[in-house]
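Peer 1: Here's a structure for you.
The values are calculated or read from the model by the stated rules, or taken from the named source; none is laboratory data. On a predicted model such as this, the values are computed, not experimentally measured, just so you know. Reconstructed Cβ throughout: ideal geometry from the backbone, glycine too, with neighbour counts over all protein chains shown.
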Amino acid sequence: MFQIIPDRNQLVVTKLIDLFGKAIERHEVITDMLCITVNKEVIHDVLFFLHDDKKLQYNFLTTLCGMHYPDIEQLGVVYHLHSFENNHRIRIKTSTDLQYPKLPTATTIWPAANWMERETYDFYGILFDGHPNLVRILNVDDMTAFPMRKDFPLEDQTREDKDDSMFGR
Amino acid sequence: MAKELDTDYWDKDLVRQEEPKEYNTLNVGPTHPATHGVFQNVMLMDGEFIVNTEQTIGYIHRAFEKIAERRPFYQITPLTDRLNYCSAPLNNMGWHMTVEKLLGIEIPKRVDYLRIVIMELARIADHLICNSVIGVDSGALTGFTYVFQDREFIYEIYEEICGSRLTTNMGRIGGFERNFSTKVWDKIRYFLKTYPAKLKEFENLLARNRIFMDRTINVGAFSADRALAYGFTGPNLRACGVDYDVRVMNPYSSYEEFDFIVPVGQNGDTYDRFMVRQEEMRQSMYIIEQALAKLDKMTDKGTYYASDPRYVLPPKEKVYNNMEALIWHFKIVMGETDIPAGEVYHCIEAANGELGFYLVSDGGRTPSRLHFRRPCFIYYQAYPEMVKGNMLSDAILTMSSMNVIAGELDA
C-alpha cells in the first residue's frame with residue numbers, strides 16, 4: 001500500500017512558505033483537501049516547484065478551472081494537483097483582476113493544461129500568457145461574451161412571459 | 001552486347017523525391033459514422049498517412065456548468081446523465097457522493113454495496129460498447145451484435161431499478177429512491193451466470209484473431225510518461241502500464257473492502273486498451289459477486305437511503321398523511337433545505353477514467369460553481385500525437401479504442 005505521511009499537508013505548506021514567503025497568501029484544509037492561495041506573480045514558479053520537487057512530486061494535473069468572484073471583481077483559476085507517488089491531492093488557487101485578467105500558462109509543465117486553459121479562456125476570458133493556441137474551444141468562434149461569468153444571464157433576461165420571482169430566480 | 005546502365009534515370013528519381021510534397025486536407029466528421037459522435041477532425045494527409053490533425057469540438061456543448069449554477073442540487077443529477085451517456089449511473093452516483101461529501105451525510109453500508117453493484121454494471125455496459133465498437137471499426141461486426149444483447153439486459157436491470165434506460169437519473173442524494181425489487185436481484189444473478197460465457201465467446205472472436213491483431217497491435221501506441229503528462233486516466237492510462245485506479249488510490253463507497261485486480265497493459269496501443277477493458281469487465285463481475293455475497297450476509301434487507309430527514313425525501317405514505325413530512329418534501333423538492341457553504345472535490349473511477357466534481361457552495365440553494373473533470377475532454381487532446389504518422393484507418397481505430405464520448409467531451 002501507499003505510504004501516507006500524516007503531516008504531508010504541513011510539509012507542502014512549510015516548503016512553499018520557505019521558498020515563496022509572503023506570496024503564499026493563505027493555506028487551509030477545506031473538507032478533506034489542502035487548499036493554498038498563491039499570488040499570481042509566482043503561480044508558475046509554485047506549480048513548477050510542486051511538479052519537480054523530489055519529495056513532493058505533484059506530477060499529475062487533475063483539473064484546472066476558472067472562477068468568478070463578482071464581489072471582489074476578480075477572476076480566479078483553481079488547479080487540482082495529484083501526486084501519484086505519495087497519493088496526495090492539493091488545490092492551488094490564484095486570482096487576477098477582472099479588467100486585465102492575465103496569468104502564466106501551465107502548458108509548459110503539463111501538456112494536459114492546453115485544452116483546460118482554452119476552456120477557461122473560453123468561459124471566463126482569462127488570458128494565459130505563453131499558451132500555444134489560445135482560442136475558443138467549446139463555444140462558437142465569433143462569440144464575444146464570456147458566458148460563465150456571473151453577469152452573463154442564463155436565460156434571455158428581457159423575457160416578460162415568465163415570472164419566477166417567487167422562487168428566488 | 002550488354003546495354004549500359006542508365007545512371008541518369010536514378011539521378012532523375014532522386015531529384016523527383018526532393019520536390020516539395022503535396023498534402024491533402026481531409027475532414028473526418030462532424031457527422032461521420034466512424035467518429036461515433038459529433039466532432040470533427042481536420043487531417044493533413046500525405047497519401048494515406050496522417051501528417052497532422054486538428055480537432056474541433058463543442059458541437060453538442062450544452063453549458064451544463066452554467067445551467068448547474070441555477071439549479072438545486074438534486075436537479076443536477078439529470079445533467080450528469082448526459083455526460084458519459086453510455087454509463088449514466090456511474091455519473092449519477094459520482095454526483096450524489098459529491099453532494100453527500102459536502103453535506104456530511106453518512107451513508108449506510110447497504111447503500112454503498114447497492115451502489116457498487118450498479119456502478120460495476122454500468123462499467124460493464126460502457127466497456128462492452130467500446131470494445132465491440134473497436135471490433136466494428138476494424139471490420140468485425142459480428143461481436144458487436146452478440147454483446148449488444150447483454151448491454152440490453154443491463155439496461156433492463158436499470159429499468160427495473162429506476163424506470164429509465166439510457167439517461168437513468170438513478171438514485172437520490174443519500175441513497176436510492178426505492179429498494180431493489182426481487183426481479184432486479186433475479187436479473188442480476190441471471191446476468192452473472194450467463195454473461196461470462198458470452199464474454200469469452202466475444203473475446204474468442206477478436207483477441208487471437210490474426211486480422212484483428214494486425215490491425216491493433218502497435219497502433220496508436222502511447223508511452224506512460226506522455227500519458228501522464230496529458231492527464232490520461234482510466235483504462236487508457238492503465239493500458240500504458242500505470243496502475244492508477246481511483247477505486248484503489250482513493251476508495252469511495254466502501255471499495256476498500258473489495259478484492260480485485262487492476263489490469264495493466266504494456267505498450268499502450270489499441271490492443272492493450274481492448275484487453276484492459278476486457279479484463280476490467282471480468283473484475284467488475286467479480287466485484288458484483290462479492291457485493292452480492294456481502295448483501296446476502298446482511299440481516300438488514302430494507303435500508304436503501306441514509307436516515308437524514310434534511311435531504312432524503314420522506315416516504316410517500318408519510319407525505320400524504322403527515323404535515324411535517326409534506327413540508328419537508330416540499331422544501332427538498334423546491335431546493336430550500338440548508339446547504340452548508342464549502343467546497344469539495346470528489347472523484348470516482350468512471351468508465352473512461354477519473355470523473356471529478358469540483359463543487360463550490362456559498363450556502364445558497366444552488367452551487368456557486370460546479371466544474372466537471374471529464375476524462376474524455378482531457379485525454380482527447382493527445383489524439384494528434386497518437387495518430388501522427390499512422391494511416392487513416394488506424395486513426396479511426398485509435399479513436400474508438402480511446403472511447404471518446406461526445407457528451408462527456410463537450411459537457
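Peer 1: Determine whether B:PRO251 is more than 16 Å from A:ALA112 (Cα to Cα), away from chain A (no Cβ under 13 Å), surrounded by fewer than 24 Cβ atoms within 10 Å (Cβ to Cβ) and without any contact (Cβ under 8 Å) to a residue 40 or more places away in the chain.
Peer 2: Working: more than 16 Å from A:ALA112 (Cα to Cα): yes; away from chain A (no Cβ under 13 Å): no; surrounded by fewer than 24 Cβ atoms within 10 Å (Cβ to Cβ): yes; without any contact (Cβ under 8 Å) to a residue 40 or more places away in the chain: yes.
No, not satisfied.
Peer 1: Of all residues being among the β-branched types (Val, Ile, Thr) and in contact with a Ser or Thr (Cβ under 8 Å, 6 or more places away or on another chain) in the stretch B:331-347, which is farthest from B:MET93 (Cα to Cα)? Just the residue, please.
Peer 2: Taking the stretch B:331-347 and keeping what is among the β-branched types (Val, Ile, Thr), we get B:332-333, B:337, B:339, B:344.
From what is left, the residues that are in contact with a Ser or Thr (Cβ under 8 Å, 6 or more places away or on another chain) are B:339, B:344.
Values: B:ILE339: 19, B:VAL344: 15 Å.
My answer is B:ILE339.
Peer 1: Residue pairs, Cβ under 8 Å, 6 or more apart or interchain, first in the stretch A:69-94 and on the phi > 0 side of the Ramachandran plot, second in a strand (DSSP E or B) and modelled with pLDDT of 90 or more. List them.
Peer 2: Qualifying pairs under 8 Å: A:GLU73/A:ASP97.
Peer 1: Let me ask another. Here's a check for you: in the stretch B:62-93, which residue that is within 14 Å of chain A (Cβ to nearest Cβ) and within 18 Å of the chain's Cα centre (by Cα) is nearest to A:THR120 (Cα to Cα)?
Peer 2: B:PHE64
Peer 1: Please enumerate the residues belonging to the stretch A:74-125 that are within 10 Å of chain B (Cβ to nearest Cβ), charged (D, E, K, R) and surrounded by 22 or more Cβ atoms within 10 Å (Cβ to Cβ).
Peer 2: Once the filter is applied, which keeps residues that are within 10 Å of chain B (Cβ to nearest Cβ), charged (D, E, K, R) and surrounded by 22 or more Cβ atoms within 10 Å (Cβ to Cβ), the stretch A:74-125 yields A:GLU119, A:ASP122.
Peer 1: Oh, and also: Taking B:GLU156 and the conditions (1) crowded, with 20+ Cβ neighbours inside 10 Å; (2) farther than 28 Å from B:ALA395 by Cα, which numbered condition does it fall short on, given that it satisfies the others?
Peer 2: Answer for B:GLU156: the failing condition is (1).
Peer 1: Being on the phi > 0 side of the Ramachandran plot, modelled with pLDDT under 90 and within 13 Å of another protein chain (Cβ to nearest Cβ) narrows it down to one residue among B:GLY364, B:GLY342, B:GLY407, B:GLY335; which is it?
Peer 2: Numbers: B:GLY364 fails: on the phi > 0 side of the Ramachandran plot; B:GLY342 fails: modelled with pLDDT under 90; B:GLY407 fails: on the phi > 0 side of the Ramachandran plot.
Only one candidate passes the filter, namely B:GLY335.
Peer 1: While we're looking at this one, here's another question. Hey, could you check the stretch B:41-58 for residues that are under 15 Å from B:MET399 (Cβ atoms) and surrounded by fewer than 18 Cβ atoms within 10 Å (Cβ to Cβ) and say which is farthest from the chain's Cα centre (by Cα)?
Peer 2: Filtering the stretch B:41-58 for residues under 15 Å from B:MET399 (Cβ atoms) gives B:41-43, B:50, B:53-57.
Subset that is surrounded by fewer than 18 Cβ atoms within 10 Å (Cβ to Cβ): B:42, B:54, B:56.
Numbers: B:VAL42: 25, B:GLU54: 23, B:THR56: 21 Å.
Looking at the filtered set, the residue picked out is B:VAL42.
Peer 1: Return the total of residues in the stretch B:390-404 being among the β-branched types (Val, Ile, Thr) and either under 16 Å from B:ILE211 (Cα atoms) or out of contact with any Phe, Trp or Tyr (no Cβ under 7 Å at 6 or more places or on another chain) (or both). Spell out the reasoning first.
Peer 2: In the first step, residues of the stretch B:390-404 are kept if they are among the β-branched types (Val, Ile, Thr); the result is B:396, B:398, B:404.
Narrowing further to those that are either under 16 Å from B:ILE211 (Cα atoms) or out of contact with any Phe, Trp or Tyr (no Cβ under 7 Å at 6 or more places or on another chain) (or both): B:396, B:398.
So the count comes out to 2.
Peer 1: Right, B:MET97: in a helix (DSSP H, G or I), within 14 Å of chain A (Cβ to nearest Cβ) and among the hydrophobic types (A, V, I, L, M, F, W, C) or not?
Peer 2: Working: in a helix (DSSP H, G or I): yes; within 14 Å of chain A (Cβ to nearest Cβ): yes; among the hydrophobic types (A, V, I, L, M, F, W, C): yes.
Yes; evaluated as a whole, the condition is true for this residue.
Peer 1: Here's another thing I want to ask about it. Within the stretch B:282-331, work out how many residues are touching a Pro at 6+ places or on another chain (Cβ under 9 Å) and of a type in the set (Lys, Arg). So that I can check it myself, show each step before the final result.
Peer 2: So the first thing to find is which residues in the stretch B:282-331 are touching a Pro at 6+ places or on another chain (Cβ under 9 Å), and the list is B:282-283, B:285, B:300, B:303-307, B:322, B:324-326, B:328-329.
Then keep just the ones that are of a type in the set (Lys, Arg); that gives B:282.
The number of residues fulfilling the criteria is 1.
Peer 1: OK, next. How many residues does the stretch B:162-214 contain that are part of a loop (DSSP other than H, G, I, E, B) and of a type in the set (Asp, Glu)?
Peer 2: The first filter runs over the stretch B:162-214 and keeps only residues part of a loop (DSSP other than H, G, I, E, B), leaving B:163-171, B:173-174, B:176-181, B:207-209.
Next, only the ones that are of a type in the set (Asp, Glu) stay: B:177.
Of the residues in that region, 1 qualify.
Peer 1: Filter the stretch A:29-48 down to the residues that are away from chain B (no Cβ under 14 Å) and closer than 13 Å to A:VAL77 by Cβ and list them by number.
Peer 2: A:VAL38, A:ASN39, A:LYS40, A:ILE43, A:HIS44, A:VAL46
Peer 1: Is it the case that B:THR182 is of a type in the set (S, T, N, Q) and closer than 28 Å to B:GLY407 by Cα? Lay out the reasoning, then the answer.
Peer 2: Working: of a type in the set (S, T, N, Q): yes; closer than 28 Å to B:GLY407 by Cα: no.
Here the answer is no, as B:THR182 does not meet what is asked.
Peer 1: Next up: Could you run through the stretch B:284-322 and say how many residues are of a type in the set (A, V, I, L, M) and either farther than 30 Å from B:ILE261 by Cα or in a loop (DSSP other than H, G, I, E, B) (or both)?
Peer 2: 5
Peer 1: In the stretch A:49-66, which residues are touching a Ser or Thr at 6+ places or on another chain (Cβ under 9 Å) and either more than 9 Å from every other protein chain (Cβ to nearest Cβ) or surrounded by 21 or more Cβ atoms within 10 Å (Cβ to Cβ) (or both)? Break it down into steps so the answer makes sense when it comes.
Peer 2: Keep residues of the stretch A:49-66 that are touching a Ser or Thr at 6+ places or on another chain (Cβ under 9 Å), which gives A:50, A:56-60, A:62, A:64-66.
Answer for the stretch A:49-66, where residues must be touching a Ser or Thr at 6+ places or on another chain (Cβ under 9 Å) and either more than 9 Å from every other protein chain (Cβ to nearest Cβ) or surrounded by 21 or more Cβ atoms within 10 Å (Cβ to Cβ) (or both): A:LEU50, A:LEU56, A:GLN57, A:TYR58, A:PHE60, A:THR62, A:LEU64, A:CYS65, A:GLY66.
Peer 1: Taking the residues in the stretch A:126-140 that are farther than 20 Å from A:VAL42 by Cα and β-branched (Val, Ile, Thr) as candidates, determine which candidate is nearest to the other protein chains (Cβ to nearest Cβ).
Peer 2: Taking the stretch A:126-140 and keeping what is farther than 20 Å from A:VAL42 by Cα, we get A:132-140.
Those left that are additionally β-branched (Val, Ile, Thr): A:135, A:137, A:140.
Working: A:VAL135: 11, A:ILE137: 6, A:VAL140: 8 Å.
Applying the filter and picking the extreme gives A:ILE137.
Peer 1: Now for a separate question. A:VAL38 - would you say it is in contact with a Cys (Cβ under 9 Å, 6 or more places away or on another chain), modelled with pLDDT of 90 or more and on the phi < 0 side of the Ramachandran plot?
Peer 2: Details: in contact with a Cys (Cβ under 9 Å, 6 or more places away or on another chain): no; modelled with pLDDT of 90 or more: yes; on the phi < 0 side of the Ramachandran plot: yes.
When the stated conditions are applied, A:VAL38 does not pass them.
Peer 1: Only one of (1) in a strand (DSSP E or B); (2) without any contact (Cβ under 8 Å) to a residue 24 or more places away in the chain is not met by B:PHE330, so which one is it?
Peer 2: (1)
Peer 1: Further question: Looking only at the stretch B:104-123, filter to residues that are assigned to a helix (DSSP H, G or I) and in contact with an Asp or Glu (Cβ under 8 Å, 6 or more places away or on another chain); which one of those is farthest from B:ARG247 (Cα to Cα)? Give the steps one after another, and end with the answer.
Peer 2: Taking the stretch B:104-123 and keeping what is assigned to a helix (DSSP H, G or I), we get B:109-123.
If we keep only those that are in contact with an Asp or Glu (Cβ under 8 Å, 6 or more places away or on another chain) too, we end up with B:110, B:123.
On the way: B:ARG110: 18, B:ARG123: 13 Å.
The residue in question is B:ARG110.
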